[in-house]
Amino acid sequence: MEHENPKRPSVKVENSEWTIYFIDPRPLPCSSQPITTIKNRRDELVRKVRCLIQEHIGDKNLLHGMKTVDALERLGIGYHFEQEIATFMDLLSSKLVRGDDLSTVALQFRLLRQHHYNVTCGSYILSLSSIGLVIL
């Protein structure tokens, strides 16, 4: 028994302003700047953020670096800074951030787990008990 291709009815697409919009994409009307200006601005901002992450690597306060990495990843632009984030995460994995609240400890734990570091919760339980939180 052979499979027959069923005859499908053809559909004629009516021309409308949306048909032209989706078939022939043009630059967005919200930007009157040339594409080269936009790309140069993007490259400048990427350089600034790279410098910001590198400052956090050399800084004693790792909390600001953790918040920066978290924000970049939540915005979906972390792929621009993979090397810098990897360097920061190596530094973060070797030190326990001394925070006085639960959110600092939780942020470090989550970031390390997201970046596939082998982190046990035992060290974080000790950190939580040092700030006065008792886990029952």
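Residue separation times 0.36 nm, minus the C-alpha to C-alpha distance between Leu75 and Arg42: what's the value?
Working: separation 33, 0.36 × 33 = 11.88 nm, distance 1.48 nm.
Stretched out fully, the Leu75 to Arg42 stretch lengthens by 10.4 nm.
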Ignoring ligands, DNA and RNA, what percent of the 1.4 Å accessible area of the stretch 35-131 is carbon and sulfur? 56
Between Ser16 and Asp59, how many nm apart are label points set 7 Å from Cα along the C-beta direction? 5.1
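Convex hull over the alpha-carbon atoms of the stretch 35-131: what's its volume per residue in Å³?
Working: hull volume 8.8 nm³, N = 97.
Each residue corresponds to 91 Å³ of Cα convex hull volume.
May I ask you to derive the relative contact order of the stretch 35-131, considering only C-alpha pairs under 8 Å and at least 6 residues apart, and to give it as an integer percent? Before the final figure, lay out each step's value.
On the way: 57 pairs, mean separation 22.2, N = 97.
Relative contact order of the stretch 35-131: 23 percent.
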Return the distance in nm (one decimal) between the two label points of a simple spin-label model at Ser32 and Arg98, each offset 7 Å from Cα along Cα→Cβ. 5.5
Farthest towards the positive end of the dipole of the stretch 35-131, among Leu75, Thr87, Ile53 and with Cβ unit charges of +1 on Lys and Arg and -1 on Asp and Glu, lies the Cα of Leu75
Please compute the per residue accessible area over the stretch 35-131 with all protein chains in place, 1.4 Å probe, rounded to a whole number of Å². 65
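The values are calculated or read from the model by the stated rules, or taken from the named source; none is laboratory data. What you are looking at is a predicted structure, and each value in this text was computed from that prediction instead of being measured. So basically every Cβ, Gly included, is an ideal-geometry build from the backbone, and we count neighbours across all protein chains shown. Ligands, DNA and RNA are stripped out before the accessible areas are found, and what is left, the full protein with its side chains, is counted by its heavy atoms. Shrake-Rupley method; radii C 1.70, N 1.55, O 1.52, S 1.80 Å.
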